[in-house]
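Only one structure is covered here, and it is reproduced in the block below.
The values are calculated or read from the model by the stated rules, or taken from the named source; none is laboratory data. The structure displayed is predicted, hence computed values, not measured ones. Cβ placement follows ideal geometry from the backbone for every residue including glycine, while neighbour counts extend to all protein chains displayed. Surface areas here come from the heavy atoms of the whole protein model, side chains and all, with no ligands, DNA or RNA. Shrake-Rupley method; radii C 1.70, N 1.55, O 1.52, S 1.80 Å.
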Amino acid sequence: MPALALSCMPYGVTNAYQEAAAAEEGYVPVLGTLDFDAKLVPEMDLSGQTPVQAVTLIPATFKGDALTVRGVSQPFETDLVLEVQCFGPWCPQPQPGEMLGFLRQTDQSYVLHTNACGGFLFGRPTQEQVKQVKDCLGGRSCEVRTRP
């Protein structure tokens, strides 16, 4: 069997913020709790049978706060779709629980995208990650990280 490797550029919360801010779609930065059935998350499949960019849609709920540009958190609760994208056999393994993320607004609901190299979901965020997003929202330093 040939050796397989996934090479991803370092990707942090400031990268996700910049990507969301530049997108045509609207995004809501959130901090709180994500709940979904973890058994629906695809497993890594090194057999070579996985489609190159397989996407799994998982119903989920979020409860916590929307982060605003004024630095004030607004209570926010919604149903959403967790979009888990695999790259070949590599799949992210998100878990229910505390999270920091960016919800993409759609006509029907919200979508939270994650993939094997990053995406908009950061599970169990550190205080530094939360501070980085708040700094970005407040117009302070929001440098894209080149190292994890």
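Quick notes on this one:
- Any hit, segment 121-130, residues being open to solvent by 30 Å² or more (accessible area, probe 1.4 Å), charged (D, E, K, R) and modelled with pLDDT under 90: no
- Residue in segment 86-97 that is closer than 13 Å to Leu31 by Cα and out of contact with any strand residue (DSSP E or B) (no Cβ under 6 Å at 6 or more places or on another chain) present: yes
- Assessment of segment 68-76 against the conditions (at pLDDT 95 or above and either surrounded by 11 or more Cβ atoms within 10 Å (Cβ to Cβ) or not aromatic (Phe, Trp, Tyr) (or both)) yields at least one matching residue.
- Only one of Val144, Val111, Val133 that is touching a Phe, Trp or Tyr at 6+ places or on another chain (Cβ under 8 Å), aliphatic (A, V, I, L, M) and either touching a residue at least 12 places away in the same chain (Cβ under 8 Å) or over 22 Å from Phe62 (Cα atoms) (or both): Val133
- Those strands (runs of 3 or more DSSP E) of segment 62-148 in which 2 or more residues are more than 14 Å from Val41 (Cα to Cα) and not hydroxyl-bearing (Ser, Thr, Tyr) occupy 73-85, 97-105, 121-123.
- With respect to being open to solvent by 40 Å² or more (accessible area, probe 1.4 Å) and more than 24 Å from Glu24 (Cβ to Cβ), Thr106 falls outside the description.
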